[in-house]
Amino acid sequence: MGYYLSVLTFTSITVVAITSIYVITGLAGLFSLGQAAFMAVGAYTSGILITRLSMPFLPAVVFGIAAGMLAAFLVGIPTLKLRRDYIALVTFGFGEAIIAILNNTANVTGGAMGLVGITPYTTTPVAVGIAVLAVVLARNFKYSRFGRQCIAVKNDEVAAASMGVNVAGIKMMAFLFGSALTALAGTLYASYTTYVEPGLFVWTLSAEWIIIVFFGGVNSLTGAVVAAVLLGTLPEILRATAEWRIAIYSVLVLLIINFRPSGIFGEYELPLWRSIARRFRRAG
Amino acid sequence: MKKLAIITIVLFAAAAMLVSASGQREDGAIRIGVIQDLSGPTSVWGNAVARGAELAVSEINAAGGIDGRQVELRTYDVRLSPQEAITAYNRLVDQDRVTAIVGPPISNIGLSLAPVAQAKGVPIVGSFIDPRVTVQPNGEPWTNMFLMQPSSVQYSEIIADFALTELGARNLAVMYDQTNAFSVSLVEPFRNYVNAHGGNVALEVTYTSDDRDFRTQLSQIQRSGADAVYLPIYIQEAVLTLQQAEQVGLDIPMIGGLDFAPPFTDLLPDPTLADGIYVANNYSDSEPQLVDVRAAYMDMFGEEPINKAFKGYDKILIIADAIRRAGSTEPAAVSRAIARTSNLRGTTGILTISPDNHQPVGLSMVMYQIINGEYSELGRHVPESHR
Amino acid sequence: MYFLQQILNGLSLGAVYSLIAVGFALVFNILKFSNFSQGGLITVCAYIGFMITRTFGLGLGATLALTALAGGVIALLVERVAFRRLRRKNSPLIYYFVSSITMGILLENLITIYFSSNFYAFPRFFARSTVRFGPFFMATTDLAMLGISLSSLLILMIVLYRTTFGTAIRALSMDMNAARLMGINVNFAIAGTFFLVGVFAGLGGVFLGINYTLYPQLGKLIVKGFVASVVGGLGNILGAVVGAILLGLLEVILVGVPGIGSGLSPVVVFVILLVFLIVRPQGIAGIIVKEKV
Amino acid sequence: MQGERNAASTPPVGDALAPGAGVGPGSGPSVGLGPSVGLGPGPGSGPEGVVLRAEGLDKHFGGVYAVRNLTMQVEQGHTVSLIGPNGAGKTTVFNLLSGVNPPDAGRIVLAGEEISGMPQHQIARAGIGRTFQNIRLFPGLDVAENVMLSLDARNRYHWYDGLLRLPAFHREDRASRDQLQEYLAAVALEKYAHSKPAELSYGYQRRVELARALAARPRVLLLDEPAAGLNPGEVEEFIELLERLKGDYNLTILIIEHRMQVVMRMSSHVYVMNFGALIAEGTPEQIQNDPAVVSAYIGDAHA
C-alpha cells in the first residue's frame, strides 16, 4: 500500500509540475529550459522556512509560491521580449545560476549536501488534492480570455496584437501563473521527500517535463495530465527491466513524436472539462 | 484519436497489473533488495555495487544459502534520484517484502531514505559517507540506516592524520567539488582535524561538476605555498587534475581518497603521472581475503572489480551475518542484529558496527603511495583517537 | 604573464566547446532548431574511438578518421530515426527539439547499458604531455585539438563555400522550399549536413574522451556548445566558434576572480548572456535569423 | 494588464438588423464623434467628420522607402480604397496604421487621439481593426474562439475571476458569448462555431476573419485584399456581405483591393499608391480616368 501511495504522491507532484509546463509551453508557446529552477525556488523557500523558522506548512507554501513568482517576474521582464529560442537559452542560464547560488549559500541552503529534515507535511491526500486543484485552475485559465489570448499569441503574435492582445502582458501572465504552479510542486516535493539538494533541479528535469507534455499532446491539457501519470509511472512499471527502462522509455517517446507528432491526445480534451464549464455557466 | 488514447491507457493498466502481480514471495527464498544507480551519472559505482552483491549472493547460495534458505536479490535502478529511491524502497518493502536492502554509495540517496526507512522498518546497509545518513540531528541513530565504511569524518580524519604524522605536512590546501555532496562532506572534518592537531588549512579552492579546467585552481594552490594538497574528488576530475597539475608545474604531495584507488592509474595517459600521490583505500590487494573474491568476480563478469564492487560484496555479508544471528528474516530483528555486527571478516576489513551511531568502529584505511605508476602499499593507518 | 597563460588555457577550453558549438550551428543553420542529440552522439563516438584504439591499437590520426566516419554514419541514422519523419510531416520546430533530446537520452543510455560498470580511458597518444613555448605551456592534446579543430573548420568552410554540396546546404538554410524548387535534393543535403555533424561529433568525442576519460555522461558538456552557438548567432558557424572561444576565456577568467570563482561563474555567465542578448539580439555574427516558430 | 478602453465607445446601440440569428441588437461603433472634425483641410473632408487621418508618414526598411510622405484620411461611415500595383507599399501603410510597425516620421490620429507610437494592442483597442492579406486566423483556436478573442479585449474580469470562475467571469463570459452568436450570425457561420479554421474553405476563412475584426467594434476597419482568392461569384457575394455589414454596424472601412469590381462598387474615395507615395486620389470615376493611374498600372502589367 505504501508503495502505491508513494507512487501516487510523486505522480501528483509531477502532475502539478506538468500542468505548469502545459500553461507555459502548451498555451503560451514559451519554451523554458529552466523551469526546474522555479521548482527549486519553491522547494528551498518553503524548506528553509520550515526547517529554520519552524513555519507551518500553509504559509511556507504561500511563501514558496510567492518566491517562485518573484523569480519568474525578474527573469520574465527582460526575457519574454526576446525571440523564442533565446527564451530557452536564458531560462536555461537562469536555472544554472540558481543551482550555483544554492551551492554557494551552504550556510542557509546546505549547499551540495542538501537541506535535510524538512517536516513531511505532504501526505498523499494533500498531494492529490493540490494536483486536482492545479489542473482545475489550468483548465479555468485555458477557457478564460487569458487562455485564448495565450493560444493566439502562440499562433501569431502580430495578429493577436491587432486584435488588442497585450502580447508581452499575456506572456508574462502565463509565465507567472506557470511558475507559481512549478514552485507549488517544489514545496510539495520538499515536504514529501524531506530532503532537497541543488542537483535535483538541473535542466534535464525541465527537458523531461517538456517531453512529457509533448507526449500527451502539447495542445491538450487532458493529454498533458494523462502523460504525466503515464510517463510518471512508466519507470515504475518498467522497474523490472532495470537498466533498460530509460532506453525503453526514450524509444516510446520517439515513436510517439515520430508517428503521432501531435501527441497521444492531439487537441482532444475530455468532454468533462467543457461540460463542467457549461454546467457552471448555466448555474452561474 | 480517442481509440489510440484508450488503447494506450489500457496497455498501461495491464502492465501495471502485471507488475503488482509479481509481488509474491517464492517458497523459502530470502529476499534482499538492492537500490543502486544503474543508470545516471553514478552508474559505474551503482553497477559495481550491484555486481559485488550478486557475486556474494551466488556464493552464499552455492554454499547452501542462509540457514538452508536460498537468497534472492531484487535490484532496482534509482538513477541518482531521491524520488526514485523512495518509491523503490517502498516497493521493495511493500511488494517484494525484502528482509534488508543493499544501499548505494551515495549520501544524497541515503539522506532521503533515512526517514522513510525509520517509518517502514526495513534496514539499509549502505556506504553513505555522510554521517547525517546514520545519525539524526538529535544524536540518536536512524534505526534502520547502516554505514559499512568509514564515514566522511572518520575517513577525512584518517587522511588528515596521515598527512600530519606521516608526511609531516603543516600547511595544507584542499581542492573539492562544490556541487558534490561526497566531496563537500569530506572537507570540514578534514579542516577541523588539521586545525586541532597543529596544522593549518592554508587554502580551499572549489570547482563545479561541469568544470573541466582546473588549472586556475591548481595555480592558486601552487602559489599558496602549501606543503601538500588534499583532493576529496571524483575519479574523472582526479584524472584531469593530475594532468593539469603537471602542466601547471604543481608538484607538492597530493593525498587522494577512494577515487584514486584502482583503476585510477589505468585512466591516466601515463600511470607515472600519478607518482608520489598518496591514496587511501578500504582494502589492500595483497590481503588474502580479497584474492578469491577478485578471481570469482573476474570469472563472473569478465572485468576487474573496482572498490565499490567489494563494498557491494561486504554489504551482503553483513546482511547475511545478521540474518543468521537473528535467526529470522523479520526486518526489525535483522536490523537489530546488524546494529550488533561485530568482528565480521569482510573484504574491506574487519567490520564492527557501533550501535550508538550505526557506523563502523575502528576501520582503518590502507594507505598507498604510487611509485612508477604502481600502487605501493604503506600499510593500514589508524589515528590515535580512533583506536 | 599569468594572465597570458590564462588566455592560453581559455583558448584550449574554447577549442573543446567550439567542436560542439559547430555541430549545433550546422543543424540550426538548416533545420532551425538546437540539436541536443549531439550530446549522446559525442558520447557514443568517444566510446567508439576507444574501442577502435583498443581493438586495433591505432594511433591518434587513424582513430580520429575512423571515429569521424563512424560518427557520420550514426548521425545519418539519427537523422533518419529522429528527424526525417518530422520533416515530412512539417512538424513545428519544437518537436524536433523534443525528438533530439530524447534521442540524446537514448544514445547515452545505450552506452550506460554496455559500458557502465567501469571507467575507461584512451591510451596515451603523445610522448610529451605538454609543449612549452618559452614561459608558456599547453597540453599536447589541447594543441592537437586546437590544430585539428581549426583545420577541420577550415575544411568545413571550403566545403560550404566552394562546393556544390555547400551551395546546396546554404540555399537550404535560406529557404527550404525555394531550394527544393530549384532542384536541390533536400533529403540528400540534410543527410549530408548530419554526416558533417557526425564527423564533428566524432572528432569532439575522441578529444573529450582523451582529455576527460570515458564515462556515459561525457556528452553533458554540450550545453556549453549550446550557449556558445546561440551567443555566436544562431546557425552561424564562424559565430559559433567565436562564441565558444569567448565562453572558454570567460570561464577561465571568472575562476580566477576572487569572490566569483568557479562556483558563482554560472551566475555571471547568465547575467552577461542576458545583457548580451538584449543589447545584441542578432548574436555575434550579426545576422538576424528570421524567427520561424 | 488589460488596458482601459475608451468607455465612450461601448454603449450606443444601433438598431441593427442582425441578419439571420436575431440574437440581440448589434452594437456598432459609436457615431458622430464631433470634436474630431477639425483635423485640418484634407482632401475630401466631409461634413460627417474625419475619423482617421495620417499625415506625412514615412517608413523605410534598410535604405529603401516603403512609404514616403503619405497623407490620407478616412471619414466616418465611408468606404475608402487604397489601390496600387504590387509592391507599392499598401500593406506597409496598413501596418503603420495598425501599429505593426511604427512610422519613421509623420503622425496618425484616430478620432482626435494620436495613436502613432502607441503599442500595437493599444492601437487595436483604440479602434483600428484589421484583416490580413494572407488570412491570419489562429489555427489553435476554433472559429468561435477566434471571434471571442476580439470580444475578450473588451472584457474586464481579472485573472482571479478567470482562475476561480468568480461571478464577474460568468457575467462577462456569458455576455461575450451572446455577442459572439450575433457576429457569427452576421457572417452566417453559426454552424461552424466549433470548427478549426483549417477545416473551412478559403472563403469561409475570410468571413471568420471579418467576423473577428468586426467583433472588436473598430472605429475604422482595415481590410487587406479581402476578395483575394475568391472566384467571381464569391466576390459578388462578399461585396453584398460587406455592404450589408457596413449598414448594420455603421462601419468605416479602409480597403486594399486589386479587384476593380470591388473598388468601384464600394468606395466613395480612392487613394492610389506607387513606389511608396500617393500618385492620385479622388472618386472612383476620377481615378479611372486619371492618366497617372493608368500609366502606373499599365507599366506594372496589371492582371
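D:LEU82 meets all of the listed conditions (1) touching a strand residue (DSSP E or B) at 6+ places or on another chain (Cβ under 7 Å); (2) surrounded by fewer than 23 Cβ atoms within 10 Å (Cβ to Cβ); (3) in the same structural domain as D:ASN250 (by TED's automatic domain parsing) but one, namely (2). When segment B:308-334 is filtered for residues that are touching a helix residue (DSSP H, G or I) at 6+ places or on another chain (Cβ under 8 Å), in a helix (DSSP H, G or I) and surrounded by fewer than 19 Cβ atoms within 10 Å (Cβ to Cβ), the ones remaining, listed by number, are B:ARG325, B:ALA333. Within segment B:267-275, is even one residue within 18 Å of C:THR213 (Cα to Cα), within 21 Å of the chain's Cα centre (by Cα), not assigned by TED's automatic domain parsing to the domain that holds B:ASN180 and not charged (D, E, K, R)? No: zero hits.
One residue stands out in segment A:124-145 among those that are of a type in the set (Gly, Ala, Ser) and facing chain D (nearest Cβ under 10 Å): the one that is farthest from the chain's Cα centre (by Cα), namely A:SER144.
Hey, any hits in segment B:56-73 for a residue that's within 14 Å of chain C (Cβ to nearest Cβ), on the phi < 0 side of the Ramachandran plot and not in a loop (DSSP other than H, G, I, E, B)?
Residues of segment B:56-73 within 14 Å of chain C (Cβ to nearest Cβ): none.
Within segment B:56-73, none of the residues are within 14 Å of chain C (Cβ to nearest Cβ), on the phi < 0 side of the Ramachandran plot and not in a loop (DSSP other than H, G, I, E, B).
If you go through segment A:238-252 and pick out every residue that is out of contact with any Lys or Arg (no Cβ under 7 Å at 6 or more places or on another chain) and either aromatic (Phe, Trp, Tyr) or surrounded by fewer than 21 Cβ atoms within 10 Å (Cβ to Cβ) (or both), you end up with 9. Could you list, in sequence order, the residues of segment B:144-185 that are in contact with a Gly (Cβ under 8 Å, 6 or more places away or on another chain), surrounded by fewer than 24 Cβ atoms within 10 Å (Cβ to Cβ) and farther than 26 Å from B:PRO41 by Cα? Residues satisfying the conditions are B:LEU164, B:ALA169, B:ARG170, B:ASN171. Residues in segment C:98-121 that are more than 7 Å from every other protein chain (Cβ to nearest Cβ), among the hydrophobic types (A, V, I, L, M, F, W, C) and over 19 Å from B:VAL49 (Cβ atoms): 2 in all. Here is the figure for segment D:203-228: residues that are modelled with pLDDT under 90 and more than 30 Å from D:GLY49 (Cα to Cα) total 2. With respect to A:GLU197, is the statement that it is under 26 Å from B:TYR89 (Cα atoms) and surrounded by fewer than 24 Cβ atoms within 10 Å (Cβ to Cβ) true? Considered against the rule, which asks whether it is under 26 Å from B:TYR89 (Cα atoms) and surrounded by fewer than 24 Cβ atoms within 10 Å (Cβ to Cβ), A:GLU197 comes out as no. Take the conditions (1) within 13 Å of another protein chain (Cβ to nearest Cβ); (2) closer than 23 Å to D:ASN274 by Cα; (3) touching a helix residue (DSSP H, G or I) at 6+ places or on another chain (Cβ under 8 Å); D:LEU96 misses just one of them, which is (3). Each residue in segment A:102-123 was checked for being crowded, with 17+ Cβ neighbours inside 10 Å, under 22 Å from the mean Cα position of the chain (by Cα) and of a type in the set (Ser, Thr, Tyr), and 2 of them qualify.
Here is a yes/no grid of residues against (1) of a type outside the set (S, T, N, Q); (2) free of Cβ contacts under 8 Å to residues at least 12 places away in the same chain; (3) crowded, with 16+ Cβ neighbours inside 10 Å:
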site	(1), (2), (3)
D:ARG219	yes, no, yes
D:LEU222	yes, no, yes
D:GLY229	yes, no, no
D:GLY233	yes, yes, no
D:ILE239	yes, no, yes
D:ARG244	yes, no, no
D:TYR249	yes, no, yes
D:VAL270	yes, no, yes
D:ASN274	no, no, yes
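Regarding segment C:124-143, can at least one residue be identified that is among the aromatic types (Phe, Trp, Tyr), more than 10 Å from chain B (Cβ to nearest Cβ), surrounded by 15 or more Cβ atoms within 10 Å (Cβ to Cβ) and not in a strand (DSSP E or B)? No, segment C:124-143 contains no residue that is among the aromatic types (Phe, Trp, Tyr), more than 10 Å from chain B (Cβ to nearest Cβ), surrounded by 15 or more Cβ atoms within 10 Å (Cβ to Cβ) and not in a strand (DSSP E or B). In segment B:245-259, the qualifying residues are those that are in contact with a helix residue (DSSP H, G or I) (Cβ under 6 Å, 6 or more places away or on another chain) and within 23 Å of B:GLU303 (Cα to Cα), and the one that is surrounded by the fewest Cβ atoms within 10 Å (Cβ to Cβ) is B:ASP259. Taking C:LEU66 as the residue in question, decide whether it is closer than 25 Å to C:LYS32 by Cβ and in contact (Cβ under 8 Å) with a residue 12 or more places away in the chain. So C:LEU66 does not fit the description; no. Identify all residues within segment B:98-115 that are within 11 Å of chain A (Cβ to nearest Cβ) and either surrounded by fewer than 24 Cβ atoms within 10 Å (Cβ to Cβ) or over 23 Å from A:GLY110 (Cβ atoms) (or both); write none if there are none. The one that is within 11 Å of chain A (Cβ to nearest Cβ) and either surrounded by fewer than 24 Cβ atoms within 10 Å (Cβ to Cβ) or over 23 Å from A:GLY110 (Cβ atoms) (or both): B:PRO115.
The values are calculated or read from the model by the stated rules, or taken from the named source; none is laboratory data. What you are looking at is a predicted structure, and each value in this text was computed from that prediction instead of being measured. Note that each Cβ is placed from the backbone with ideal geometry, even for glycine, and that neighbours are counted across all protein chains shown.
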